[in-house]
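Engineer: Please find one structure pasted underneath; my questions will follow.
The values are calculated or read from the model by the stated rules, or taken from the named source; none is laboratory data. Since we're looking at a predicted model, the values are computed, not measured. Cβ: placed from backbone, ideal geometry, glycine included. Neighbour counts: every protein chain shown. With ligands, DNA and RNA removed, areas are computed over all heavy atoms of the protein, side chains included. Shrake-Rupley method; radii C 1.70, N 1.55, O 1.52, S 1.80 Å.
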Amino acid sequence: MTTHEERDPTPKEPEKLDARAAAVRRLVAVAGAIVLLLLVLAATGTLIIHALPLAGIALVAALLYYAGFIARPSALRPYAVAGFAVAAGLFCATAFLGWRGKHTALGLARVITPVPEIVRVTRTVPGEELTAALALSVTLDALDSALSRQLAGRAPDTAGRGRWARVADESNQRYWVVHADIDIPQIMAFYARPENRSGWTVVAQRPEGLLSLRRGAEELLIMASDGFPHARSKIGYLYIGPEPDS
């Protein structure tokens, strides 16, 4: 007489624990590798901006993944799954913006060394502040040129050429707007060091944050403005010359 043993369709408790432990080890390995990579990128300043915030988001996403897909507490699981989806989307959006910002910063770096502590950088048309600073710089340059010609006994320049004509030609202009955790005196001190100017010569500067540079036929205007107390500074770069990517 044979007997058939009924097998319990549910896995045994030790098997559950082993599978959960293996899943936790894989999660820790993946999250650790991502965080380590982001810390290296943050330390070297390469490839991406916002590497440290991304590392924090990755850790939060890993904890939410564990709560929603591995531990599976019945009361918290829906919230953990939703939180993981939000964290994953935030990670991807922040990573894209950080990569795009770094790519834009590299374009600026082909012209001049950007200021440190950059939080965000964009290519955009100049706002009112940069336009006003540009007009002031060009006017002061024209006045200095006229005074120099007068002292030298030369006739005024009436050819209609010079910086005004170059500024009016938008085809040879490039703009960058940088937000950074650095104030105006630090910006001026940074560009006072020749190694940070990449061969540019200071033509004029104002302590309020206006710096006019020249390098051969190229010109660069840097205008910085402080935000409210404890806010980030905004630095506008206006490059006039050939395409810097070429």
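Engineer: Could you work out how far apart the two model spin labels at C92 and R26 are, taking each label as a point 7 Å from the Cα in the direction of the beta carbon, and quote it in nm?
Structural biologist: 2.1 nm
Engineer: Modelling each spin label as a point 7 Å along the Cα-to-Cβ direction, I'd like the D18/R214 distance in nm, to one decimal.
Structural biologist: According to this spin-label approximation, the distance is 7.9 nm.
Engineer: Run the numbers for A109 and Y79: contour at 0.36 nm per residue of separation, minus the present Cα-Cα distance, in nm.
Structural biologist: 6.4 nm
Engineer: Can you put K16, K102, K234 in order of accessible area, largest first, using a 1.4 Å probe?
Structural biologist: Reading off the accessible areas and sorting them downward yields K16, K234, K102.
Engineer: At a 10 angstrom cut-off on C-beta neighbours, averaged per residue, how do the peptides 113-123, 65-75 rank from highest to lowest?
Structural biologist: 113-123, 65-75
Engineer: Still on this structure, I have one more. By how many nm would the segment from A192 to R100 grow when fully extended, if each residue of separation counts as 0.36 nm and the alpha-carbon distance is taken off?
Structural biologist: 30.3 nm
Engineer: From the phi angles alone, apply the Karplus equation (6.51, -1.76, 1.60; θ = phi - 60°) to segment 188-204 and give each ³J(HN,Hα) in whole Hz, x where the residue is Gly or Pro.
Structural biologist: 5, 5, 5, 7, 6, 8, x, 5, 9, 9, 6, x, 6, 10, 6, 8, 7
Engineer: May I have the convex hull volume per residue, in Å³, for the Cα set of segment 27-68?
Structural biologist: 51 Å³
Engineer: Given R₀ = 41 Å, FRET efficiency for L39-S145 by Cβ-Cβ distance, to 0.05?
Structural biologist: With R0 = 41 Å, the Cβ-Cβ based efficiency is 0.20.
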